[in-house]
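Any read-out appearing in this document is the output of simple, stated calculations on the displayed coordinates, not a laboratory observation. Since the structure is predicted, the reported quantities are computational estimates derived from the model, not experimental observations. Here the Cβ is made from the backbone with ideal geometry for all residues, glycine too, and neighbour counts use every protein chain on show.
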Amino acid sequence: DAKTTQPPSMDCAEGRAANLPCNHSTISGNEYVYWYRQIHSQGPQYIIHGLKNNETNEMASLIITEDRKSSTLILPHATLRDTAVYYCIVRITGNQFYFGTGTSLTVIP
Amino acid sequence: ETGVTQSPTHLIKTRGQQVTLRCSSQSGHNTVSWYQQALGQGPQFIFQYYREEENGRGNFPPRFSGLQFPNYSSELNVNALELDDSALYLCASSLPLSRANTQYFGPGTRLTVL
């Protein structure tokens, strides 16, 4: 089953880029990688997703390695409001998505 | 705001009771998934409904059941509540499953079982 591995916690200085890694070595060739974040036990918020090309939107950039076994979410200029738990998600089978325990990012003033 | 709403916001029940949680999906979305999130853990997939039929289920016992209505809203029912059922229950709506299937989450219902 495709699953993800993320560091449990990271710190980032305000205004600097936050780079959050994710390992998904068993991902299937046609499966997307999704990133969500969750603030204070609110509902998870969609950030970005990608298949094999790098992706960028107004929130973040997603860099996926050529072998697709890992990816990095980049928040280019972290703010205090970016403090949250970040989940890298892949589909296990059918409709079931695996969240894991995520990375708790703390942005430091 | 995702347009996904859940009710109630908080709920307290006692062990052995039954509970019904509700979810209204984002406009145009006909697929609803339910997740359980225990404290300090990531969300765990319970099941998904598509066009009023269960369309995938995670590792949860049969006392977790659901419904989807013609307007695509959904209910999660839990019978014979146990203390370990205390969690944040999340629903997420999406378009029909495709390769890129972005799910949009509601704010969740916090269930406490005493």
Can you work out which of the residues in the stretch A:25-83 that are among the acidic types (D, E) and surrounded by 15 or more Cβ atoms within 10 Å (Cβ to Cβ) is farthest from A:M10 (Cα to Cα)? A:E31
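A quick yes/no check of all residues on (1) surrounded by fewer than 17 Cβ atoms within 10 Å (Cβ to Cβ); (2) part of a strand (DSSP E or B); (3) under 11 Å from the mean Cα position of the chain (by Cα):
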{"position": "B:Q41", "(1), (2), (3)": "yes, no, no"}
{"position": "B:I46", "(1), (2), (3)": "no, yes, yes"}
{"position": "B:E54", "(1), (2), (3)": "yes, yes, no"}
{"position": "B:P61", "(1), (2), (3)": "yes, no, no"}
{"position": "B:L76", "(1), (2), (3)": "no, yes, yes"}
In the stretch A:11-69, anything over 13 Å from the mean Cα position of the chain (by Cα), within 14 Å of chain B (Cβ to nearest Cβ) and among the small types (G, A, S) is listed as A:S28, A:G29, A:S41, A:G43
Subset of the stretch A:1-10 (residues that are buried (at least 20 other Cβ atoms within 10 Å of the Cβ) and either under 15 Å from A:I74 (Cβ atoms) or over 11 Å from the mean Cα position of the chain (by Cα) (or both)): A:Q6
Name the single residue that is surrounded by the most Cβ atoms within 10 Å (Cβ to Cβ) among those in the stretch A:11-22 being under 13 Å from A:W35 (Cα atoms) and of a type outside the set (S, T, N, Q). A:C22
When you go through (1) free of Cβ contacts under 8 Å to residues at least 60 places away in the same chain; (2) in contact with a Phe, Trp or Tyr (Cβ under 8 Å, 6 or more places away or on another chain) one by one for A:G29, which number turns out not to apply? (2)
